[in-house]
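As structure tokens, the structure follows; a few thoughts come after it.
The values are calculated or read from the model by the stated rules, or taken from the named source; none is laboratory data. Note that the coordinates shown come from a computational prediction; the quantities given were computed from them, not determined experimentally. So basically every Cβ, Gly included, is an ideal-geometry build from the backbone, and we count neighbours across all protein chains shown.
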Amino acid sequence: MTFLIFLFFTGFTFLYSQNENLLRTKVIEITGTKSELYNRSLKWLVTRKSSPNENIELEDIETGTIISKRSYVAKGLFGTENKAFYNLVIKVKDNKVKIETSDPYILLELNSMMAGKQDRKLPVDNKKTIKQYDTAIDKVLSDFETYMNNDKEDDW
């Protein structure tokens, strides 16, 4: 019995530490007030929406926090494409923006005549899926930094 409890906690710790390793963070130092950077971050999220499933879950201008569910395409076996999702958190303060991504999973949509439609969430936990996640997130972080550094209000 003690051995089973040990295995349970060891497995839980291993799974927890794998998720911790998938946290990606970037801090950008940029000239602007908290309000300006918040609005530019929000505008970036809205203009980069690629799926109806990408929602802004929280907008809190007081704390300078925006939380969103985002997606990317993960290649599966035999070249199949699956939607993968992750959490994106943006925090702003004067002259600084922090963007974090975490908790990725792949949504496997299964359709069966007997069982109907069933969705399964698969972890991003092997070399191939972690590499796909890293590639997608690198593009997101790079695009965000470029946008934040170049997006200035038009004076039309």
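With respect to (1) within 21 Å of Arg24 (Cα to Cα); (2) surrounded by fewer than 19 Cβ atoms within 10 Å (Cβ to Cβ); (3) touching a Leu at 6+ places or on another chain (Cβ under 6 Å); (4) of a type outside the set (D, E, K, R), the lone exception for Leu42 is condition (3). Which ones in region 100-121 are part of a strand (DSSP E or B), out of contact with any Lys or Arg (no Cβ under 6 Å at 6 or more places or on another chain) and modelled with pLDDT under 90? Matches in region 100-121: Glu109, Leu110, Ser112, Gly116, Lys117, Gln118, Asp119, Arg120, Lys121.
Of all residues in region 74-94, those satisfying the criterion of being closer than 21 Å to Ile56 by Cβ and out of contact with any helix residue (DSSP H, G or I) (no Cβ under 6 Å at 6 or more places or on another chain) are Lys83, Ala84, Phe85, Tyr86, Asn87, Leu88, Val89, Lys91. If you filter region 65-99 down to residues that are among the polar types (S, T, N, Q), part of a strand (DSSP E or B) and modelled with pLDDT under 95, you find that the one that is surrounded by the most Cβ atoms within 10 Å (Cβ to Cβ) is Ser71. Considering the conditions (1) over 21 Å from Asn150 (Cα atoms); (2) modelled with pLDDT of 90 or more, Ser35 is excluded by exactly one of them, (1). When the criteria are applied in full, Leu141 fails the requirement of being in a helix (DSSP H, G or I) and modelled with pLDDT under 95. Only one entry in Ser71, Ser51 is of a type outside the set (A, V, I, L, M, F, W, C), over 14 Å from Phe144 (Cβ atoms) and under 12 Å from the mean Cα position of the chain (by Cα), namely Ser71. When region 16-32 is filtered for residues that are loosely packed, with under 11 Cβ neighbours inside 10 Å and at pLDDT below 90, the ones remaining, listed by number, are Tyr16, Ser17, Glu20, Asn21.
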